[in-house]
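Structure first, then comments.
The values are calculated or read from the model by the stated rules, or taken from the named source; none is laboratory data. Bear in mind that the values here come from a model prediction, so they are computed numbers and not experimental data. Cβ: placed from backbone, ideal geometry, glycine included. Neighbour counts: every protein chain shown. Please note that ligands, DNA and RNA were not included when accessible areas were found on the heavy atoms of the full protein model with its side chains. Shrake-Rupley method; radii C 1.70, N 1.55, O 1.52, S 1.80 Å.
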Amino acid sequence: MDKIFTVRISEDKNAVEILDQTLLPNEVKYLRLDNADSLFEAIKELRVRGAPAIGIAAGFGMYVCAKRLTDGDFYNELKQLGDYLISSRPTAVNLAHAVERMLSAAKGADKESALPLLYEECMRIYDEDREMCRRISEYGLTLVKDGDGILTHCNAGALAASEYGTGLGTLLLGKELGYNFRVFSDETRPLLQGARLTSFELNHAGIDVTLICDNAASLVMSQGKIQACFVGCDRVAANGDTANKIGTRSVAINAKFHNIPFYVFCPSSTIDFGCESGEKIVIEERGADEIKTKFFEKPVAEDSVKCFNPAFDVTPAELITAIVTEKGICRYPYTQSLKELFGG
Ligand code: MRU
């Protein structure tokens, strides 16, 4: 199969091109997004997803859409566009970070002078992400050894970022360097990112991956098959509390019980120093259709049955063995260690 890409700017610089991840693993299809509504829809519906990839798409999208804004009220219209994109998914902070960076790049400039600045900034967001993912992956390799069994939840690989990804970066880089990991991928109900994306991605990279139901993780841990848990994240609060895909918290609790290290992989663009603790993180809630009907031939519950479908949960800092960043590895207490590393 040809090498796939997650998100990029088109050659004519007039559109954001994304791999439509809702179709994976059955179809590899790219979409060309050239207006605010199609970008909003693609992020909301998880055609492009994963915290860093959403930030990159928003950066590219702001540049592409800025070309069509009116000259006179340029900055205000750009700000409205940014607010609109941020409202598509509330939990991953990378989206808001990218929008803020684009807005500050354009501040005080008229349209003509702002456009090249916006282009440079969105490319910088993309390049920095590649660099950060690479460094995170190198740090990750210092935490494991050849042959280890790794449990992962959701998808934090190249499909969720520019290259390598965060939570899966160590495994992808490790493979290139000759490591053989045995990976257990939680299917990740309800949208099945583990089944549809992680097992697809690792399989194609030639990594030994076994798909399990989310509720099999505890058993697999008890069988001694897991030496570490690797997950990505959508927002890390200043105290280290971490929001990630729903179910991550259960993985961390299970890991603690079985004495297995639980590692969070995190580029600095995912740390929110303005957010004191996990209690302040807004958790996205999604529709009942994702639980009852999506992916099933027939509904698995009656229409009248109530559903609660939070897309993320927060893992308390004390359950996290280490947070692996592009600048180094932080340990509990994170209020101190994150500040030391990033000066936040
Ligand atoms: O809802 P999703 O698929 O966007 O959720 C993604 C995750 O939870 C990832 O683990 C997180 O964004 C980190 S991606 C490097």
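Overview of values
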| quantity | calculated |
| --- | --- |
| Filter result for the condition that a residue is within 16 Å of V209 (Cβ to Cβ) and of a type in the set (G, A, S), over G169, G140 | G169 |
| Checklist (1) assigned to a loop (DSSP other than H, G, I, E, B); (2) within 12 Å of the ligand (Cβ to nearest atom); (3) at pLDDT 95 or above applied to I226, failing item | (2) |
| Candidates G140, G157, filtered to the one that is over 14 Å from the mean Cα position of the chain (by Cα), closer than 26 Å to L192 by Cα and open to solvent by less than 10 Å² (accessible area, probe 1.4 Å) | G140 |
| All positions within the range 82-94 that are more than 13 Å from the chain's Cα centre (by Cα) and open to solvent by less than 10 Å² (accessible area, probe 1.4 Å) | G82, L85, S88 |
| Number of the condition not met by N244 [criteria: (1) assigned to a strand (DSSP E or B); (2) touching a helix residue (DSSP H, G or I) at 6+ places or on another chain (Cβ under 8 Å)] | (2) |
| Any chance V64 is part of a helix (DSSP H, G or I), out of contact with any helix residue (DSSP H, G or I) (no Cβ under 7 Å at 6 or more places or on another chain) and buried (at least 20 other Cβ atoms within 10 Å of the Cβ) | yes |
| Those residues of the range 203-214 which are out of contact with any strand residue (DSSP E or B) (no Cβ under 9 Å at 6 or more places or on another chain) and either at negative phi or modelled with pLDDT under 95 (or both), in sequence order | H204, A205 |
| Residue selected from the range 300-316 under the condition over 29 Å from the mean Cα position of the chain (by Cα) and loosely packed, with under 13 Cβ neighbours inside 10 Å, by the criterion nearest to the ligand (Cβ to nearest atom) | V305 |
| Cβ pairs under 6 Å, 6+ apart, first in the range 187-213 and farther than 26 Å from K292 by Cα, second open to solvent by 30 Å² or more (accessible area, probe 1.4 Å) and of a type in the set (A, V, I, L, M) | L202/V209; N203/V209 |
| Subset of the range 38-55 that is within 11 Å of the ligand (Cβ to nearest atom) and assigned to a helix (DSSP H, G or I) - its residue that is most open to solvent (accessible area, probe 1.4 Å) | K44 |
| Enumeration of residues in the range 269-290 that are open to solvent by less than 40 Å² (accessible area, probe 1.4 Å) and either among the polar types (S, T, N, Q) or within 19 Å of I323 (Cα to Cα) (or both) | S269, T270, I271, D272, C275, S277, G278, I281 |
| Residue match in the range 95-107 (condition: within 15 Å of the ligand (Cβ to nearest atom) and either more than 14 Å from A53 (Cβ to Cβ) or open to solvent by 70 Å² or more (accessible area, probe 1.4 Å) (or both)) | yes |
| Residue in the range 21-29 that is surrounded by 14 or more Cβ atoms within 10 Å (Cβ to Cβ), more than 22 Å from G169 (Cα to Cα) and more than 16 Å from the ligand (Cβ to nearest atom) present | no |
| K79 more than 16 Å from the ligand (Cβ to nearest atom) and open to solvent by 50 Å² or more (accessible area, probe 1.4 Å) | yes |
| In the range 135-171, the residues that are touching a Phe, Trp or Tyr at 6+ places or on another chain (Cβ under 6 Å), farther than 18 Å from G59 by Cβ and within 15 Å of the ligand (Cβ to nearest atom) | I136, S137, I150, L151, T152, G167, L171 |
| Positions within the range 317-344 being closer than 12 Å to N239 by Cα, small (G, A, S) and surrounded by fewer than 17 Cβ atoms within 10 Å (Cβ to Cβ), in sequence order | G344 |
| Subset of the range 255-268 that is open to solvent by 40 Å² or more (accessible area, probe 1.4 Å) and under 16 Å from I150 (Cβ atoms) - its residue that is nearest to the ligand (Cβ to nearest atom) | H258 |
| Residue match in the range 219-226 (condition: closer than 27 Å to I281 by Cα and open to solvent by less than 30 Å² (accessible area, probe 1.4 Å)) | no |
